[in-house]
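Visitor: Below is a structure I'd like to ask you about.
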Amino acid sequence: MHRTVSVIGLGYVGLPVAVAFGLKSRTIGFDVDVERISELRQGRDRTGEVTPDDLGRADILFTSAPEELRQADFHIVAVPTPVDDAKRPDLTFIIRASETVGKILKKGDIVVYESTVYPGVTEEECVPILERVSRLVCGSDFAVGYSPERINPGDSEHTFSKIRKIVSGWDTETLEIVASVYESVVVAGVHRAATIRVAEAAKVIENTQRDLNIALVNELAMIFDRLDIDTNDVLEAAGTKWNFLGFKPGLVGGHCIGVDPYYLTHKAEKIGYIPQVILSGRRINDDMGKFIAQRTIKEMIRAGQNVLDATVTVLGLTFKEGCPDLRNSRVIDIIRELEDYGVRVQVHDALADPEEALVEYGVSLTPFDRLIPAAALIVAVAHQEYRELTPGQLKSLTNSRPLVVDVKGLYERQALAAAGIRVWRL
């Protein structure tokens with residue numbers, strides 16, 4: 001039986017999903033952001049996650065009118081699930097999406113959640129909302145499933161259709177329908193999880209595992225810094241062992257790695273277990289921006305720079321390279337810490353939207369050609385535009401006592417030293 005798909009939430013996750021299905025058959029793409037819908041109707045995707053050609057060829061009804069969702073009988077919810085200022089899961093978007101779907105839900109429909117959640121959210125939080133609003137009963141009138149998103153923003157190789165998909169369902173029959181629908185567009189195939197809660201748990205531990213590995217190398221970087229040992233040199237040497245894991249130190253932000261562990265620790269604490277390793281790793285990673293800023297100040301002083309009212313340039317504000325996504329970027333931690341020292345910070349980003357940067361963080365992005373020579377240059381994000389900067393170009397961005405803080409280890413230390421540049425890298 002053919003299913004008509006709707007996708008609720010057309011951001012970094014939802015749009016690639018909608019386009020994949022839209023290239024196969026008529027799909028309903030819903031978002032509450034009227035401006036976003038207008039852009040997509042004009043063939044413009046501000047996230048850059050789908051090609052203009054695919055967006056133009058996909059048969060998608062882009063709409064912000066909930067009643068249009070009635071045309072579908074397979075609803076995929078792909079809305080954000082962030083954490084609040086206290087690092088607690090914020091389910092506001094997924095609750096509102098469930099209410100929206102509940103209003104148009106029909107007998108025989110299936111609702112699949114892709115948003116990252118802790119184990120139990122689909123069945124314990126979302127199903128009661130769907131039942132209350134629709135006045136239907138899950139299991140007899142409609143069914144639910146969970147298929148965690150694995151979109152990697154800015155990655156043109158590991159795209160939606162090329163990443164194996166975890167699927168789960170309310171019962172065996174639902175599971176097979178969900179699997180069949182996703183198999184129609186995901187060429188990498190699907191993995192049938194034993195239960196919805198298993199699929200939810202699998203999602204949060206994927207990124208928790210990465211978070212902990214990065215926390216380890218971040219802690220090693222702080223230790224090696226005190227020992228005056230270059231961390232990248234150590235990792236290069238250790239990496240000659242066949243089973244050494246190639247993680248690098250750095251800032252951990254974005255909507256996945258920097259968020260998902262808090263969903264798991266929140267659920268753990270609710271059932272009476274205080275996670276120690278996971279939260280310890282989170283604390284280390286959350287403090288890296290502050291550490292980088294403090295080391296920058298120390299290097300400025302050692303270079304004979306006056307710190308108060310000095311100008312520092314930060315290249316990169318997005319949470320990762322090759323991507324315009326500003327959500328949960330930890331570069332802002334570097335900026336705020338520097339400002340606490342009385343430093344003036346000018347920020348440039350090759351991909352970020354200036355208006356979004358101003359709204360999200362209160363940061364005014366400076367055009368590259370208007371950057372004034374600074375006491376220190378912090379290269380925080382490995383955008384290709386920054387990778388290609390020569391020692392001479394880097395030096396031109398600094399004053400008479402050039403200092404480059406190479407957060408991502410992009411440049412050859414010897415080449416910078418030969419150009420008379422003082423360099424510190426994480």
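The values are calculated or read from the model by the stated rules, or taken from the named source; none is laboratory data. Just so it is clear, the model here is predicted, and its values are computed rather than measured. Heads up, the Cβs are rebuilt from the backbone with ideal geometry, glycines too, and the neighbour counts pull from every protein chain shown. Ligands, DNA and RNA are excluded from the accessible area calculation, which covers all protein heavy atoms including side chains. Shrake-Rupley method; radii C 1.70, N 1.55, O 1.52, S 1.80 Å.
Visitor: Tell me which of I214, G246, H266 sits at the most positive position along the dipole axis of the stretch 210-279, charges placed on C-beta atoms (Lys, Arg +1; Asp, Glu -1).
Guide: H266
Visitor: Another one. Placing +1 at every Lys and Arg Cβ and -1 at every Asp and Glu Cβ, with all other atoms neutral, what dipole size does the stretch 41-155 have around its Cα centre, in debye to the nearest 20?
Guide: 300
Visitor: Towards the positive end of the charge dipole of the chain, with charges on Cβ (+1 Lys, Arg; -1 Asp, Glu), say which of I205, V77, L10 has the farthest Cα.
Guide: About the Cα centre, the residue reaching furthest to the positive side is I205.
Visitor: Same structure, new question: For A65 and V32, compute 0.36 nm times the residue count separating them, minus their Cα-Cα distance, and round to one decimal in nm.
Guide: Here the segment from A65 to V32 would lengthen by 11.1 nm.
Visitor: Let me ask something else about it. How much accessible surface does V137 have with a 1.4 Å probe, in Å² rounded to 10?
Guide: 70
Visitor: Now a separate question. Could you compute the longest span of the chain free of chymotrypsin sites (Phe, Trp or Tyr not before Pro) located in DSSP loops and having at most 14 other Cβ atoms within 10 Å, not counting the site residues?
Guide: The reported range is 1-241.
Visitor: Using only protein heavy atoms and a 1.4 Å probe, report how much of E157 is accessible, in Å² to the nearest 10.
Guide: So the heavy atoms of E157 present about 120 Å² to solvent.
Visitor: Please give the residues of the stretch 187-217, grouped as numeric ranges, whose backbone N is less than 16 Å from a label point set 7 Å along the Cα-to-Cβ vector of R295.
Guide: Hits in the stretch 187-217 for R295 at 16 Å: 214-217.
Visitor: With a cut-off of 17 Å, note down the residues of the stretch 40-66 whose backbone N falls inside the zone around a label point 7 Å from the Cα of D353 toward its beta carbon.
Guide: 40-52, 63-64
Visitor: Could you size up the charge dipole of the chain around its Cα centre, putting +1 on the beta carbon of Lys and Arg and -1 on that of Asp and Glu, and report it in debye to the nearest 20?
Guide: 580
Visitor: What is the Cα centroid distance between the stretch 286-320 and the stretch 1-67, reported in whole angstrom?
Guide: Between the Cα centres of the stretch 286-320 and the stretch 1-67 lies a distance of 41 Å.
Visitor: Give the percent of DSSP beta bridges with both residues in the chain that are antiparallel, rounded to the nearest 5.
Guide: 5
Visitor: Using a cut-off of 11 Å between beta-carbons, work out the net charge of the residues near E49 (Lys and Arg +1, Asp and Glu -1, E49 not included).
Guide: -3
Visitor: Can I ask one more? I need the trypsin sites (Lys or Arg not before Pro) found in the stretch 319-373, filtered to DSSP loop residues with at most 16 other beta carbons within 10 Å of theirs.
Guide: none
Visitor: Working with all protein chains in place, sort L338, L227, L365 by solvent-accessible area computed with a 1.4 Å probe, largest first.
Guide: Of L338, L227, L365, the descending order of accessible area is L227, L365, L338.
Visitor: Given Cβ point charges of +1 (Lys, Arg) and -1 (Asp, Glu) and nothing else, what value in debye, to the nearest 20, does the dipole of the stretch 284-426 about its Cα centre take?
Guide: Around 740 debye, computed over the stretch 284-426.
Visitor: Give, as a single signed number, the net charge of other residues whose beta carbon lies under 11 Å from the beta carbon of I205, with Lys and Arg counted +1 and Asp and Glu -1.
Guide: Value of the local net charge: -2.
Visitor: Here is a follow-up. Can you sort H2, H75 by 1.4 Å-probe accessible area, starting with the largest?
Guide: My answer, sorted largest first, is H2, H75.
Visitor: Among residues other than I37 whose Cβ falls under 15 Å from its Cβ, what is the net charge (Lys/Arg +1, Asp/Glu -1)?
Guide: Result for the local shell: -3.
Visitor: Give me the distance between the Cα centres of the stretch 324-370 and the stretch 237-256, rounded to whole Å.
Guide: Between the Cα centres of the stretch 324-370 and the stretch 237-256 lies a distance of 26 Å.
Visitor: Could you tell me the accessible area of T195 in Å² (1.4 Å probe, neighbours in place), rounded to the nearest ten?
Guide: 60
Visitor: Please report how far the C-alpha centroid of the stretch 139-187 lies from that of the stretch 385-403, rounded to the nearest whole angstrom.
Guide: 46
Visitor: Moving on to the next point. Quick check for you: with a 1.4 Å probe and neighbouring chains kept, what is the accessible area per residue of the chain, in Å²?
Guide: Result: 45 Å² of accessible area for each residue.
Visitor: What order do V17, V198 take when sorted by accessible area (1.4 Å probe), most exposed first?
Guide: If we order V17, V198 from most to least accessible, we get V198, V17.
Visitor: While we're looking at this one, here's another question. At what distance in nm do the modelled label points of K241 and D171 sit from each other, each positioned 7 Å from its Cα along Cα→Cβ?
Guide: 5.2
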